[in-house]
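Shown next, in structure tokens, is the structure this report addresses.
The values are calculated or read from the model by the stated rules, or taken from the named source; none is laboratory data. This structure is a prediction, so every number in the text was calculated from the model and none was measured. Virtual Cβ from ideal backbone geometry, glycine too; neighbours counted across all protein chains shown. Ligands, DNA and RNA are stripped out before the accessible areas are found, and what is left, the full protein with its side chains, is counted by its heavy atoms. Shrake-Rupley method; radii C 1.70, N 1.55, O 1.52, S 1.80 Å.
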Amino acid sequence: MFRLSFLLVLLSIPILSGAADSSTNYQEEYQRQALAIYRDTIAMRTALGHGQVPVMAHYLADRFRDGGFDDDDIHVLPYELPNGEDVASLVVRWRGDASSGKRPILFAAHMDVVDALPTDWARDPFTLIEEDGYFFGRGTGDDKFGTTILTATFIRMKAEGFVPNRDLIIAFSGDEETDMLTIEDLASTHRALIDAEFALNADAGGGALGTDFSPIAYQVQAAEKTYVDFELVVKNPGGHSSRPRADNAIYELADALTKIRDYQFPVRHNDITLAYFAQRSMTEEGELGAAMRSFAEDPGNPKASAVLARSPSQVGITRTTCVATMLAAGHAINALPQTATANINCRIFPGISVTEVEAKLKEVIGNNEIEIRLTYKPKSAPASPLREDVIDAVTKAVKKLNGDMPIIPYMSTGATDGRALRSAGIPTYGTTGSFSRAEDSFAHGLNERVLVSSFYGALEHWKLVIQELAGQSP
Ligand SMILES: [Zn+2]
């Protein structure tokens, strides 16, 4: 009987069967429970300013309690944001039998969402709506997908009698989309609660599907660049525009910007980017594919890095980049400008400090009259080493459920909670267990959606990953 239902479950997951799938095909108890958690939490408007993050944290805490997790191992940790709003984190420890002698694994995701204006959406963003093989709603992907799948998987596996051979810890943050302070709070004040050998972050990575829903590759995020903004400021006494002078705030700023445009930061690499280019070169054709292959073999090859530098999607993986993104100057059409400012947005390669980049910009500009102000600076984080156990577990799960495809470690140019964990010394790997087509990616935007098949597939994916990393040896 058990065997039969197990087979049925497997048969109902040809995950990438396209959009024509429906929740009616997934009626196991754990699947219905996952859907209920997804629906209930998407209805909570956990965007900044709506005060719903603590509500969601307590709701999930109750699900864990109902699932038999010990009250002493469930922690809703309140946190006050700089704007005075109360948010929260949720930490849940699933105690293992310690038979592996290994330190815990952390499972991260975030409860908050980017806000969505109901008037702008075709469907209510805070109602989970299933339509034509998709789940629509704010957070269906980012990141109530992660919080739901992890919660449901812990509860399901505990109900099935699984006993981990090491502790497993859930850590859900409450302001990832804005200040990223709750994850910092977890990594510092509550370090003892979340300390782990490594973390899996269900808010990054995942599978890419082609337009016809065929799998292309599965990506695991193992590093992040540091996001930094600098403001360049030029001040000038100004004057009447009928009496122009050699010193002019706009010209000085323009000269500085031209120099930044013409400067390229030195080529950099790490284990993650070399593995990324080696894997990508197998599916990328032409000059770009050849450059990826050469770079993976020898990152010192100047021809290869020059080709990669011409590709907007690859240049950032080979070096620090800084680019002008905003400009403001002058106060009247007939006056010499008294102020000129520009924003320079930098994505700094792991291992390079913000101070180093600031000093380089100063040197490149070569004009002491131009002030450089750091307007946004998070902590930088090292790349995480490519752990064989993590890559193996993810690879096995992906291939068992979805067939053969390249598993590609990568460095992202944006920012997730993984940065704070890595900078706190916890190697972190972004893997959602979800699959999506490029044309279905609406995270942060309108009509965010996720494939129904991907939601139920991720439930199986995470179970396999946990069995592999924390299961009893046979
Ligand atoms: Zn996210």
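Some points to look at:
- The H on the amide N of L327, modeled in the peptide plane, is under 5 Å from the matching H of N343, each at least 5 residues off or on a different chain.
- The H on the amide N of A217, modeled in the peptide plane, is under 5 Å from the matching H of A208, each at least 5 residues off or on a different chain.
- Rounded tilt (10° steps) of 249-262 against the dominant C-alpha axis of the chain: 50 degrees
- Whole-number accessible area per residue in Å² for the chain, which is evaluated in the context of all protein chains at 1.4 Å: 43 Å²
- Binning all Cα-Cα separations of the chain at 10 Å, short to long from zero, yields these whole-percent fractions: 4, 18, 27, 25, 15, 7, 3, 1, 0, 0.
- Using all pairs of distinct alpha-carbon atoms, the Kirkwood hydrodynamic radius of region 117-261 works out to 21.2 angstrom.
- Here the 3J(HN,Hα) profile of region 198-206, calculated from phi with Karplus coefficients 6.51, -1.76 and 1.60 at θ = phi - 60°, is 7, 10, 10, 10, 7, 10, 7, x, x Hz, Gly and Pro shown as x.
- Computed over the chain, the per-residue total of -39500 (n - 2.57) for DSSP H runs of n ≥ 4 gives a 222 nm mean residue ellipticity of -10500 deg cm²/dmol, rounded to 500.
- With the charge dipole of the chain set up from +1 on Lys and Arg Cβ and -1 on Asp and Glu Cβ about the Cα centre, the Cα lying farthest toward the positive end among the listed residues L35, T127, A381 is that of A381.
- Cα gyration tensor shape for region 12-91, rounded if a/c is under 1.5, else prolate or oblate: oblate
- Cα centroids of region 115-169 and region 17-73: 6 Å apart.
- Angle in degrees between helix 2-11 and the longest Cα principal axis of the chain, rounded to the nearest 10: 30 degrees
- For region 239-280 versus region 426-471, the gap between their alpha-carbon centres in whole angstrom: 37 Å
- Length released on extending from Y263 to L327, taking residue separation times 0.36 nm less the Cα-Cα span: 21.1 nm
- Nonlocal amide H pairs with G205, under 5 Å, H built at 1.01 Å: Q221
- A quarter of the convex hull surface defined by the alpha-carbon atoms of region 214-349 gives 11.2 nm² as the mean projection.
- Global geometry of region 396-474, whether rounded, prolate or oblate, following the gyration tensor of its Cα atoms and the 1.5 cut on a/c: oblate
- The residue list G96, G84, A470 was ranked by how far each Cα lies along the charge dipole of the chain toward its positive end, using unit charges on Cβ atoms, and A470 comes out on top.
- Listed residues L168, L374 arranged by accessible area, highest first, probe 1.4 Å: L374, L168
- Region 95-125 residues near the modelled D72 label - backbone nitrogen below 17 Å, point 7 Å along Cα→Cβ: 95-98
- Space enclosed by the convex hull of the alpha-carbon atoms of region 230-280, per residue, Å³: 119 Å³
- Residue-wise HN-Hα coupling along region 113-128, computed from phi with Karplus coefficients 6.51, -1.76, 1.60 (Hz; x: Gly, Pro): 10, 6, 5, 9, 8, x, 5, 8, 8, 6, 10, 4, x, 9, 10, 6
- The long axis of helix 286-297 is offset from the longest Cα principal axis of the chain by roughly 80 degrees.
- Overall, the anisotropy analysis places region 75-164 in the oblate class: the square-rooted eigenvalues a ≥ b ≥ c of its C-alpha gyration tensor yield a/c not less than 1.5, with a/b not exceeding b/c.
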